[in-house]
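The values are calculated or read from the model by the stated rules, or taken from the named source; none is laboratory data. Since the model is a prediction, treat every value here as computed from it, not as a measurement. Ideal geometry is used to build each Cβ from the backbone, glycine not excepted, and the neighbour counts take in all protein chains shown. Just the protein is used for accessible areas: all its heavy atoms, side chains included, with ligands, DNA and RNA removed. Shrake-Rupley method; radii C 1.70, N 1.55, O 1.52, S 1.80 Å.
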Amino acid sequence: KPVKFARSAIHNWGLYAMENIAMNDMIIEYVGEKLRQSVADLRERRYLKSGIGSSYLFRIDDNTVVDATKKGGIARFINHSCMPNCTAKIIKVEGTKRIVIYALRDIAMSKSALFLRRILSLDIGLRG
C-alpha cells in the first residue's frame, strides 16, 4: 500500500497511510539486514553504547532477527501503541521467512500505523 514517513508527535517519525487501507490488507514488508540472534545481541549493545536512541531489531524466529537500523525500509518508522491498527505476521515466500505488516482494522488516509508490542505489533496512521 502507498505509505510515507513524516514527523510524528508520538516519536520523531511515523508511517502514514496515503490512501484508505481495508482491514486485513497487507500494508508493507519490514525489511533490513538478516542476522543471527547472537549478532543482533551484539549490535543492540553497540547501538546503546554509541548513543543510537532507536534501534530497529525485529525477530523472525528464535535464531533470526531483521536489523533495519541502518539498512532498512520505511516500515521501521511504524510507532508502538496500546491500541494498534496493524500487526506483523511472519510469512514464507519461496521458502524465505519475511515480516509483513497487515491492517487489523480499516485505516483512514493520513492516519499512522501503530504496533501493539515492543517488537511484534504496529499501528499505522501511522505515527501521529
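Observations, loosely collected:
- Residue pairs whose Cβ atoms lie under 9 Å apart, separated by 6 or more positions or on different chains, with the first residue in segment 44-59 and in a loop (DSSP other than H, G, I, E, B) and hydrophobic (A, V, I, L, M, F, W, C) and the second modelled with pLDDT under 90 and open to solvent by 50 Å² or more (accessible area, probe 1.4 Å), do not occur.
- Output for segment 82-103, where each listed residue is closer than 17 Å to Gly14 by Cβ and touching a residue at least 60 places away in the same chain (Cβ under 8 Å): Ile101, Ala103
- Filter pass, Ser38 being more than 16 Å from Lys111 (Cβ to Cβ) and not β-branched (Val, Ile, Thr): yes
- Complete set of residues in segment 44-74 that are closer than 24 Å to Ser8 by Cβ, out of contact with any Gly (no Cβ under 9 Å at 6 or more places or on another chain) and among the hydrophobic types (A, V, I, L, M, F, W, C): Leu48, Ile52, Ile74
- Flag for Ala103 being modelled with pLDDT of 85 or more, within 12 Å of the chain's Cα centre (by Cα) and closer than 15 Å to Asn24 by Cβ: no
- Just one of the numbered conditions (1) under 16 Å from the mean Cα position of the chain (by Cα); (2) over 25 Å from Asp62 (Cα atoms); (3) open to solvent by 30 Å² or more (accessible area, probe 1.4 Å) is not true of Glu33: (2).
- Verdict on Arg76 being charged (D, E, K, R), within 28 Å of Ser110 (Cα to Cα) and outside any loop (DSSP other than H, G, I, E, B): yes
- For segment 43-59, filtering for residues that are on the phi > 0 side of the Ramachandran plot and open to solvent by 80 Å² or more (accessible area, probe 1.4 Å) leaves 0.
- On the stretch given as segment 1-59, residues that are modelled with pLDDT of 90 or more, hydroxyl-bearing (Ser, Thr, Tyr) and farther than 22 Å from Thr96 by Cβ total 2.
- Among residues of segment 34-62, those that are charged (D, E, K, R) and out of contact with any strand residue (DSSP E or B) (no Cβ under 9 Å at 6 or more places or on another chain), counted: 4
- Selection from segment 9-20 of residues that are closer than 19 Å to Ser54 by Cα and either β-branched (Val, Ile, Thr) or over 15 Å from the mean Cα position of the chain (by Cα) (or both): Ala9, Ile10
- Only a single item in (1) out of contact with any Asp or Glu (no Cβ under 6 Å at 6 or more places or on another chain); (2) in contact (Cβ under 8 Å) with a residue 24 or more places away in the chain is not met by Gly32, and it is number (1).
- Residues that are within 12 Å of the chain's Cα centre (by Cα), in a strand (DSSP E or B) and β-branched (Val, Ile, Thr) within segment 60-73 comprise just one, Val66.
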